[in-house]
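The values are calculated or read from the model by the stated rules, or taken from the named source; none is laboratory data. Fair warning: this is a prediction, and the values are worked out from it, not measured in the lab. Every residue, glycine among them, receives a Cβ derived from its backbone with ideal geometry; neighbour counts consider all protein chains shown. Quick note on the areas: whole protein, heavy atoms, side chains included, nothing else; ligands and nucleic acids left out. Shrake-Rupley method; radii C 1.70, N 1.55, O 1.52, S 1.80 Å.
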Amino acid sequence: PIRVPAGVFQAVVVVGAYGTGLEGVEYVSRFGPVGVRVAIAVIALAFGLVLAVSFEYARVFRIHDYRHFLRKLLGRLWLAYEILFLALLVLILAITGSAAGTVLHDRFAIPVSSGTACMFVAVVIFNFFGREIVKQTLTIGSALLLAILVIYGLIVFASQGDAIVANFANSENYSGWAQSGITFAI
């Protein structure tokens, strides 16, 4: 089973960073086929470094919970961070709820308010049933995400493989991918 911190990190990165797809367009895809891969590598290295340093910090100081981690890391500023984080959480829930309502409306003609309500009900259920359901959801979600990405990649390559290879062969190298990748990761 997936460990909770790694699963949460993955969920935050995938949903928060790639949820709408606009971030990919803004920070990654404008660099051509080769630049995209290198920008993604820079982003992956930056995220991996943050995760590794966080885990090592927690290990060295023997911190096993969120609140103590923040207190040790931020000192007296941990409370200000928590307040800002709660404000961000409300904003994220509002955006996610709106997006869920819009997607369900566009795909299934369900009223936007009903789709938004469904998302909020799911949040309440996950919180009510606690850590176990979150761990199970993260595990299943990670496996499904990987399977979907592999299947999607195979389908795209099977139908567009020649065009993909040609694009790599004829691609221009656009500058700025490293800076954009670092900006995205930050």
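Observations
- Accessible-area composition of the chain, carbon plus sulfur, in percent [1.4 Å probe]: 71
- Dipole magnitude for the chain: computed about the Cα centre from +1 point charges on Lys and Arg Cβ and -1 point charges on Asp and Glu Cβ, it is near 740 debye.
- Gain in span if fully extended, F157 to T139, counting 0.36 nm per residue against the direct Cα distance: 3.8 nm
- Backbone HN-Hα couplings from phi across segment 117-123 [Karplus 6.51/-1.76/1.60, Hz, Gly and Pro as x]: 4, 4, 5, 5, 4, 4, 4
- When the charge dipole of the chain is built from unit charges on Cβ atoms (+1 for Lys and Arg, -1 for Asp and Glu) and taken about the Cα centre, the candidate among S54, H64, F157 whose Cα reaches farthest toward its positive end is H64.
- For segment 21-29, the Karplus equation 6.51 cos²θ - 1.76 cosθ + 1.60, evaluated at θ = phi - 60°, returns couplings of x, 5, 5, x, 5, 5, 9, 10, 5 Hz by residue, with Gly and Pro reported as x.
- Restricting the calculation to Cα atoms, segment 37-114 yields a radius of gyration followed by a Dmax of 18.5, 52 Å.
- Å³ per residue enclosed by the Cα convex hull of segment 82-127: 58
- Between V60 and L88, the distance separating the two model label sites (each 7 Å from Cα on the Cα→Cβ line) works out to 2.2 nm.
- V13 paired with T183, simple spin-label distance in nm, labels 7 Å along Cα-to-beta-carbon: 2.1
- Remark: the A80-N127 segment gains 14.6 nm on full extension, using 0.36 nm per residue and subtracting the alpha carbon distance.
- Stokes-Einstein D (µm²/s) once Rh is taken as the Kirkwood radius of segment 1-155 over alpha-carbon pairs, at 20 °C in 1.002 mPa s: 118
- Ranking by accessible area, most exposed first, for W177, W78 with a 1.4 Å probe: W177, W78
- For D106, solvent-accessible area (1.4 Å; no DNA, RNA or ligand), Å²: 110
- Among R71, R59, R107: highest mean-square fluctuation, GNM of the chain, C-alpha pairs under 10 Å: R107
- Solvent-accessible surface of the chain, averaged per residue with a 1.4 angstrom probe and all protein chains in place: 73 square angstrom.
- Principal semi-axes in Å for segment 104-172 [√(5λ), Cα gyration tensor, largest first]: 37, 19, 10
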